[in-house]
1. Taking region B:10-39, which residues are more than 10 Å from every other protein chain (Cβ to nearest Cβ), surrounded by fewer than 19 Cβ atoms within 10 Å (Cβ to Cβ) and touching a residue at least 40 places away in the same chain (Cβ under 8 Å)?
2. Where in region A:1-102 are there helices (runs of 4 or more DSSP H), lying wholly inside it, with at least 2 residues that are touching a strand residue (DSSP E or B) at 6+ places or on another chain (Cβ under 6 Å) and crowded, with 24+ Cβ neighbours inside 10 Å?
3. With respect to residue B:85, is the statement that it is in contact (Cβ under 8 Å) with a residue 12 or more places away in the chain and crowded, with 16+ Cβ neighbours inside 10 Å true?
4. Taking region C:4-26 as the region of interest, how many residues are under 18 Å from residue C:50 (Cβ atoms), surrounded by fewer than 23 Cβ atoms within 10 Å (Cβ to Cβ) and out of contact with any helix residue (DSSP H, G or I) (no Cβ under 6 Å at 6 or more places or on another chain)?
5. Kindly indicate whether residue C:26 is on the phi > 0 side of the Ramachandran plot, more than 13 Å from chain A (Cβ to nearest Cβ) and either free of Cβ contacts under 8 Å to residues at least 60 places away in the same chain or over 11 Å from the mean Cα position of the chain (by Cα) (or both).
6. Where the second residue is surrounded by 18 or more Cβ atoms within 10 Å (Cβ to Cβ) and at pLDDT 95 or above and the first is more than 9 Å from every other protein chain (Cβ to nearest Cβ) and over 11 Å from residue C:90 (Cβ atoms) and lies in region B:101-124, which pairs have Cβ atoms under 6 Å and are six or more apart or on separate chains?
(Lines give C-alpha, C1' and ligand atoms only; values in the text may rest on other atoms or scores of the structure.)
Protein backbone atom coordinates (compact mmCIF):
# COMPACT_ATOMS: atom_id res chain seq x y z
CA UNK A 1 0.00 0.00 0.00
CA UNK A 2 0.93 3.65 -0.41
CA UNK A 3 1.21 5.29 3.00
CA UNK A 4 1.80 8.84 4.13
CA UNK A 5 3.08 9.50 7.64
CA UNK A 6 2.29 12.84 9.30
CA UNK A 7 4.37 13.87 12.33
CA UNK A 8 3.21 16.70 14.61
CA UNK A 9 5.70 16.26 17.45
CA UNK A 10 9.31 17.13 18.20
CA UNK A 11 11.92 14.51 19.03
CA UNK A 12 12.70 14.02 22.74
CA UNK A 13 9.76 16.15 24.01
CA UNK A 14 7.39 13.20 23.62
CA UNK A 15 7.57 9.66 22.27
CA UNK A 16 5.32 10.35 19.28
CA UNK A 17 8.05 11.22 16.75
CA UNK A 18 9.92 8.04 17.68
CA UNK A 19 6.74 6.01 17.20
CA UNK A 20 6.31 7.57 13.77
CA UNK A 21 9.87 6.56 12.90
CA UNK A 22 9.34 2.96 14.02
CA UNK A 23 6.02 2.79 12.14
CA UNK A 24 7.65 4.10 8.96
CA UNK A 25 10.60 1.69 9.21
CA UNK A 26 8.21 -1.24 9.79
CA UNK A 27 6.02 -0.26 6.85
CA UNK A 28 9.07 -0.16 4.57
CA UNK A 29 10.29 -3.51 5.94
CA UNK A 30 6.89 -5.01 5.10
CA UNK A 31 7.23 -3.85 1.49
CA UNK A 32 4.84 -0.89 1.60
CA UNK A 33 5.55 2.33 -0.21
CA UNK A 34 5.92 5.52 1.82
CA UNK A 35 4.45 8.14 -0.50
CA UNK A 36 5.53 11.00 1.72
CA UNK A 37 6.73 11.92 5.19
CA UNK A 38 5.18 15.21 6.23
CA UNK A 39 6.53 17.02 9.30
CA UNK A 40 4.13 19.64 10.58
CA UNK A 41 3.81 21.88 13.66
CA UNK A 42 6.44 20.83 16.27
CA UNK A 43 7.24 17.87 14.00
CA UNK A 44 9.54 20.11 11.94
CA UNK A 45 12.15 19.75 14.71
CA UNK A 46 12.74 16.23 13.35
CA UNK A 47 14.36 17.90 10.35
CA UNK A 48 16.73 20.08 12.40
CA UNK A 49 20.20 18.78 11.57
CA UNK A 50 21.70 20.80 14.43
CA UNK A 51 20.19 18.36 16.93
CA UNK A 52 23.10 16.85 18.91
CA UNK A 53 21.88 14.38 21.53
CA UNK A 54 24.30 12.65 23.97
CA UNK A 55 26.12 9.73 22.30
CA UNK A 56 24.43 7.09 24.47
CA UNK A 57 20.93 8.21 23.39
CA UNK A 58 19.02 7.23 20.26
CA UNK A 59 19.65 9.91 17.63
CA UNK A 60 16.22 10.29 16.07
CA UNK A 61 17.11 13.09 13.66
CA UNK A 62 20.01 11.01 12.32
CA UNK A 63 17.81 7.90 12.15
CA UNK A 64 15.18 9.73 10.08
CA UNK A 65 17.88 11.06 7.75
CA UNK A 66 19.36 7.61 7.19
CA UNK A 67 15.94 6.06 6.61
CA UNK A 68 15.03 8.78 4.11
CA UNK A 69 18.36 8.42 2.30
CA UNK A 70 18.32 4.61 2.18
CA UNK A 71 14.77 4.39 0.85
CA UNK A 72 14.86 7.64 -1.17
CA UNK A 73 11.77 8.91 0.64
CA UNK A 74 10.04 12.19 -0.03
CA UNK A 75 10.39 14.04 3.31
CA UNK A 76 8.80 17.45 3.63
CA UNK A 77 8.91 19.88 6.53
CA UNK A 78 6.07 22.37 6.47
CA UNK A 79 7.67 25.69 5.58
CA UNK A 80 5.41 27.88 7.72
CA UNK A 81 5.88 25.65 10.79
CA UNK A 82 9.63 25.45 10.15
CA UNK A 83 10.22 29.19 9.68
CA UNK A 84 8.47 29.92 12.99
CA UNK A 85 10.66 27.35 14.76
CA UNK A 86 13.96 28.33 13.20
CA UNK A 87 14.44 25.33 10.93
CA UNK A 88 15.61 27.04 7.75
CA UNK A 89 17.32 25.96 4.57
CA UNK A 90 20.07 28.12 3.08
CA UNK A 91 17.65 29.96 0.80
CA UNK A 92 15.26 30.91 3.61
CA UNK A 93 18.13 31.83 5.93
CA UNK A 94 19.41 34.26 3.28
CA UNK A 95 15.92 35.61 2.60
CA UNK A 96 15.24 36.38 6.26
CA UNK A 97 18.86 37.35 7.02
CA UNK A 98 19.28 34.65 9.69
CA UNK A 99 22.66 33.34 10.82
CA UNK A 100 22.05 29.61 10.55
CA UNK A 101 20.47 27.18 8.13
CA UNK A 102 19.77 23.97 10.03
CA UNK A 103 17.40 21.99 7.80
CA UNK A 104 18.81 18.51 7.23
CA UNK A 105 19.93 17.76 3.68
CA UNK A 106 17.42 14.91 3.36
CA UNK A 107 14.45 17.22 3.99
CA UNK A 108 12.68 19.76 1.79
CA UNK A 109 10.69 22.79 2.95
CA UNK A 110 7.29 23.05 1.27
CA UNK A 111 3.70 24.00 1.92
CA UNK A 112 0.59 22.28 3.26
CA UNK A 113 -0.47 21.68 -0.33
CA UNK A 114 1.99 18.78 -0.29
CA UNK A 115 -0.02 17.21 2.52
CA UNK A 116 -3.26 17.63 0.57
CA UNK A 117 -1.55 16.03 -2.43
CA UNK A 118 -0.36 13.16 -0.22
CA UNK A 119 -3.92 12.76 1.04
CA UNK A 120 -5.17 12.39 -2.49
CA UNK A 121 -2.48 10.01 -3.69
CA UNK A 122 -1.99 7.75 -0.65
CA UNK A 123 -4.09 4.78 0.35
CA UNK A 124 -3.66 5.61 4.04
CA UNK A 125 -2.46 8.53 6.15
CA UNK A 126 -1.12 7.75 9.63
CA UNK A 127 -0.67 10.65 12.05
CA UNK A 128 1.56 10.83 15.12
CA UNK A 129 1.20 13.65 17.64
CA UNK A 130 1.29 14.44 21.32
CA UNK B 1 -2.68 25.30 -8.55
CA UNK B 2 -4.19 22.09 -9.81
CA UNK B 3 -6.48 20.11 -7.55
CA UNK B 4 -5.58 16.56 -6.61
CA UNK B 5 -8.01 14.30 -8.37
CA UNK B 6 -10.34 12.81 -7.29
CA UNK B 7 -11.21 14.96 -4.27
CA UNK B 8 -11.37 13.09 -0.99
CA UNK B 9 -13.62 13.53 2.00
CA UNK B 10 -11.53 14.86 4.86
CA UNK B 11 -12.82 15.35 8.39
CA UNK B 12 -10.90 17.65 10.71
CA UNK B 13 -11.57 17.20 14.43
CA UNK B 14 -10.43 20.35 16.22
CA UNK B 15 -10.20 19.60 19.92
CA UNK B 16 -7.88 22.31 21.26
CA UNK B 17 -8.37 25.76 22.79
CA UNK B 18 -7.58 28.74 20.54
CA UNK B 19 -4.62 30.45 22.26
CA UNK B 20 -3.11 28.10 24.87
CA UNK B 21 -1.29 26.17 22.15
CA UNK B 22 -0.76 26.46 18.41
CA UNK B 23 -2.85 23.39 17.68
CA UNK B 24 -6.13 25.14 16.84
CA UNK B 25 -4.37 27.47 14.40
CA UNK B 26 -2.44 24.54 12.90
CA UNK B 27 -5.72 22.67 12.40
CA UNK B 28 -7.37 25.67 10.75
CA UNK B 29 -4.39 26.08 8.40
CA UNK B 30 -4.82 22.46 7.32
CA UNK B 31 -8.54 23.04 6.71
CA UNK B 32 -7.86 26.12 4.59
CA UNK B 33 -5.20 24.31 2.53
CA UNK B 34 -7.52 21.40 1.86
CA UNK B 35 -10.26 23.88 0.89
CA UNK B 36 -7.98 25.63 -1.61
CA UNK B 37 -7.46 22.23 -3.25
CA UNK B 38 -11.21 21.65 -3.41
CA UNK B 39 -11.44 18.64 -1.14
CA UNK B 40 -14.74 17.70 0.51
CA UNK B 41 -14.35 18.97 4.06
CA UNK B 42 -16.03 18.46 7.41
CA UNK B 43 -14.80 20.55 10.33
CA UNK B 44 -15.85 19.34 13.77
CA UNK B 45 -15.25 21.13 17.06
CA UNK B 46 -15.11 18.66 19.94
CA UNK B 47 -14.27 18.90 23.64
CA UNK B 48 -12.13 21.99 24.42
CA UNK B 49 -12.12 22.84 20.70
CA UNK B 50 -15.52 24.51 21.15
CA UNK B 51 -13.77 27.34 23.06
CA UNK B 52 -12.61 28.50 19.62
CA UNK B 53 -16.25 29.44 19.02
CA UNK B 54 -16.59 31.75 22.04
CA UNK B 55 -17.85 35.19 20.97
CA UNK B 56 -16.05 38.50 21.69
CA UNK B 57 -12.49 37.16 21.64
CA UNK B 58 -9.96 40.01 21.91
CA UNK B 59 -6.59 38.29 21.54
CA UNK B 60 -4.77 41.58 20.85
CA UNK B 61 -4.34 41.64 24.62
CA UNK B 62 -1.85 38.77 24.25
CA UNK B 63 -0.45 39.83 20.85
CA UNK B 64 -2.22 36.95 19.11
CA UNK B 65 -4.22 36.94 15.89
CA UNK B 66 -7.99 36.51 16.23
CA UNK B 67 -8.66 32.86 15.46
CA UNK B 68 -12.44 33.33 15.51
CA UNK B 69 -12.09 36.00 12.83
CA UNK B 70 -10.14 33.51 10.74
CA UNK B 71 -12.90 30.94 11.32
CA UNK B 72 -15.48 33.42 10.05
CA UNK B 73 -13.65 33.40 6.69
CA UNK B 74 -14.38 29.68 6.17
CA UNK B 75 -17.52 30.28 4.05
CA UNK B 76 -15.34 32.25 1.59
CA UNK B 77 -13.39 29.03 1.11
CA UNK B 78 -16.67 27.14 0.67
CA UNK B 79 -16.21 25.26 3.91
CA UNK B 80 -19.78 24.98 5.13
CA UNK B 81 -19.95 21.62 6.89
CA UNK B 82 -18.98 22.96 10.30
CA UNK B 83 -20.13 21.08 13.37
CA UNK B 84 -19.81 21.47 17.13
CA UNK B 85 -20.41 18.73 19.65
CA UNK B 86 -23.59 19.63 21.58
CA UNK B 87 -22.39 18.04 24.80
CA UNK B 88 -19.11 19.99 24.68
CA UNK B 89 -21.03 23.26 24.20
CA UNK B 90 -23.51 22.64 26.99
CA UNK B 91 -20.96 21.40 29.50
CA UNK B 92 -19.04 24.65 28.97
CA UNK B 93 -22.17 26.84 29.14
CA UNK B 94 -21.74 27.93 25.53
CA UNK B 95 -24.99 28.93 23.84
CA UNK B 96 -25.08 27.45 20.30
CA UNK B 97 -27.02 30.53 19.17
CA UNK B 98 -24.41 33.03 20.45
CA UNK B 99 -21.17 31.72 19.00
CA UNK B 100 -18.55 33.57 16.95
CA UNK B 101 -19.58 31.66 13.78
CA UNK B 102 -22.54 29.60 12.62
CA UNK B 103 -22.10 25.90 13.34
CA UNK B 104 -24.35 22.87 13.36
CA UNK B 105 -24.63 21.56 16.91
CA UNK B 106 -24.42 17.78 16.68
CA UNK B 107 -24.26 14.59 18.72
CA UNK B 108 -21.32 12.23 19.17
CA UNK B 109 -23.24 9.79 16.94
CA UNK B 110 -23.19 12.34 14.13
CA UNK B 111 -19.43 12.75 14.55
CA UNK B 112 -19.06 8.95 14.42
CA UNK B 113 -21.01 8.94 11.15
CA UNK B 114 -18.83 11.72 9.68
CA UNK B 115 -15.72 9.66 10.49
CA UNK B 116 -17.23 6.60 8.78
CA UNK B 117 -17.89 8.64 5.62
CA UNK B 118 -14.35 10.06 5.51
CA UNK B 119 -11.32 8.99 3.51
CA UNK B 120 -8.95 10.74 5.90
CA UNK B 121 -9.43 12.12 9.43
CA UNK B 122 -7.16 14.64 11.16
CA UNK B 123 -7.47 15.29 14.88
CA UNK B 124 -5.58 18.17 16.41
CA UNK C 1 -15.73 0.22 6.67
CA UNK C 2 -13.92 0.46 9.94
CA UNK C 3 -11.52 2.89 11.55
CA UNK C 4 -8.27 2.38 13.47
CA UNK C 5 -8.07 4.69 16.49
CA UNK C 6 -4.75 5.21 18.24
CA UNK C 7 -4.60 6.70 21.74
CA UNK C 8 -1.33 7.75 23.39
CA UNK C 9 -2.37 9.47 26.62
CA UNK C 10 -3.03 8.39 30.23
CA UNK C 11 -6.38 8.84 31.96
CA UNK C 12 -5.33 12.37 33.03
CA UNK C 13 -6.09 13.40 29.43
CA UNK C 14 -9.48 13.10 27.68
CA UNK C 15 -8.07 11.51 24.49
CA UNK C 16 -9.42 8.01 25.19
CA UNK C 17 -12.80 9.37 26.30
CA UNK C 18 -13.03 11.38 23.07
CA UNK C 19 -12.13 8.32 21.03
CA UNK C 20 -14.73 6.11 22.70
CA UNK C 21 -17.45 8.76 22.26
CA UNK C 22 -17.16 8.62 18.47
CA UNK C 23 -15.85 5.10 17.76
CA UNK C 24 -18.20 2.88 15.77
CA UNK C 25 -19.01 -0.80 16.16
CA UNK C 26 -16.29 -2.87 14.49
CA UNK C 27 -13.59 -0.22 14.93
CA UNK C 28 -10.20 -1.00 16.50
CA UNK C 29 -8.56 0.92 19.33
CA UNK C 30 -4.77 0.67 19.62
CA UNK C 31 -3.10 1.98 22.78
CA UNK C 32 0.40 3.30 22.12
CA UNK C 33 2.97 5.22 24.18
CA UNK C 34 1.39 6.39 27.49
CA UNK C 35 -1.96 5.05 26.26
CA UNK C 36 -0.87 1.57 27.38
CA UNK C 37 -1.39 2.65 31.01
CA UNK C 38 -5.13 2.60 30.22
CA UNK C 39 -5.19 -1.04 29.05
CA UNK C 40 -6.95 -2.48 32.12
CA UNK C 41 -9.38 0.41 32.27
CA UNK C 42 -10.18 0.02 28.57
CA UNK C 43 -10.75 -3.74 28.90
CA UNK C 44 -13.31 -3.21 31.68
CA UNK C 45 -15.19 -0.42 29.91
CA UNK C 46 -18.66 -1.50 28.66
CA UNK C 47 -18.33 1.10 25.83
CA UNK C 48 -15.66 -1.12 24.23
CA UNK C 49 -17.83 -4.23 23.77
CA UNK C 50 -18.19 -3.76 20.00
CA UNK C 51 -14.55 -2.69 19.53
CA UNK C 52 -11.33 -4.63 18.96
CA UNK C 53 -8.69 -3.69 21.51
CA UNK C 54 -4.93 -3.67 20.98
CA UNK C 55 -1.85 -2.31 22.73
CA UNK C 56 1.63 -1.82 21.35
CA UNK C 57 3.86 -4.45 22.97
CA UNK C 58 7.03 -2.34 22.81
CA UNK C 59 5.36 0.48 24.76
CA UNK C 60 3.77 -1.84 27.32
CA UNK C 61 7.04 -3.73 27.89
CA UNK C 62 8.97 -0.47 28.23
CA UNK C 63 6.66 0.60 31.03
CA UNK C 64 6.38 -2.78 32.77
CA UNK C 65 2.66 -2.96 32.03
CA UNK C 66 1.05 -6.38 31.61
CA UNK C 67 -2.01 -6.46 29.39
CA UNK C 68 -5.41 -7.95 30.22
CA UNK C 69 -6.54 -10.91 28.09
CA UNK C 70 -9.06 -8.83 26.14
CA UNK C 71 -6.37 -6.42 24.93
CA UNK C 72 -4.21 -7.99 22.22
CA UNK C 73 -0.49 -7.20 22.34
CA UNK C 74 0.90 -6.37 18.91
CA UNK C 75 4.27 -5.21 17.56
CA UNK C 76 5.05 -2.52 15.00
CA UNK C 77 4.67 -4.93 12.05
CA UNK C 78 1.08 -5.64 13.13
CA UNK C 79 0.50 -1.93 13.77
CA UNK C 80 1.29 -1.38 10.08
CA UNK C 81 -1.05 -4.24 9.13
CA UNK C 82 -3.86 -2.69 11.21
CA UNK C 83 -3.31 0.67 9.52
CA UNK C 84 -3.68 -1.01 6.12
CA UNK C 85 -6.65 -3.22 7.06
CA UNK C 86 -8.74 -0.28 8.27
CA UNK C 87 -10.05 2.24 5.78
CA UNK C 88 -8.85 5.21 7.80
CA UNK C 89 -7.22 6.08 11.10
CA UNK C 90 -7.75 8.69 13.79
CA UNK C 91 -4.87 9.53 16.12
CA UNK C 92 -6.14 10.80 19.48
CA UNK C 93 -3.54 12.78 21.42
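1. Scanning region B:10-39 gives a single hit, B:19.
2. Working: elements: A:16-29, A:60-71, A:79-84, A:90-95.
Answer list for region A:1-102: A:16-29.
3. On the way: in contact (Cβ under 8 Å) with a residue 12 or more places away in the chain: yes; crowded, with 16+ Cβ neighbours inside 10 Å: yes.
Yes: the conditions hold for residue B:85.
4. 3
5. Values: on the phi > 0 side of the Ramachandran plot: yes; more than 13 Å from chain A (Cβ to nearest Cβ): yes; either free of Cβ contacts under 8 Å to residues at least 60 places away in the same chain or over 11 Å from the mean Cα position of the chain (by Cα) (or both): yes.
For residue C:26, the condition - on the phi > 0 side of the Ramachandran plot, more than 13 Å from chain A (Cβ to nearest Cβ) and either free of Cβ contacts under 8 Å to residues at least 60 places away in the same chain or over 11 Å from the mean Cα position of the chain (by Cα) (or both) - is met.
6. The qualifying pairs are B:101/B:71; B:103/B:82; B:103/B:84; B:104/B:83; B:105/B:84; B:106/B:83.
Conditions (1) part of a helix (DSSP H, G or I); (2) touching a strand residue (DSSP E or B) at 6+ places or on another chain (Cβ under 8 Å), marked per residue:
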{"residue": "B:13", "(1), (2)": "no, yes"}
{"residue": "B:20", "(1), (2)": "no, no"}
{"residue": "B:30", "(1), (2)": "yes, yes"}
{"residue": "B:50", "(1), (2)": "yes, yes"}
{"residue": "B:61", "(1), (2)": "yes, no"}
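The values are calculated or read from the model by the stated rules, or taken from the named source; none is laboratory data. Computed from a prediction, not measured in an experiment: that's the story for all the values here. Don't worry about glycine lacking a Cβ; one is built from the backbone with ideal geometry, like all the others, and counts go over all protein chains shown.
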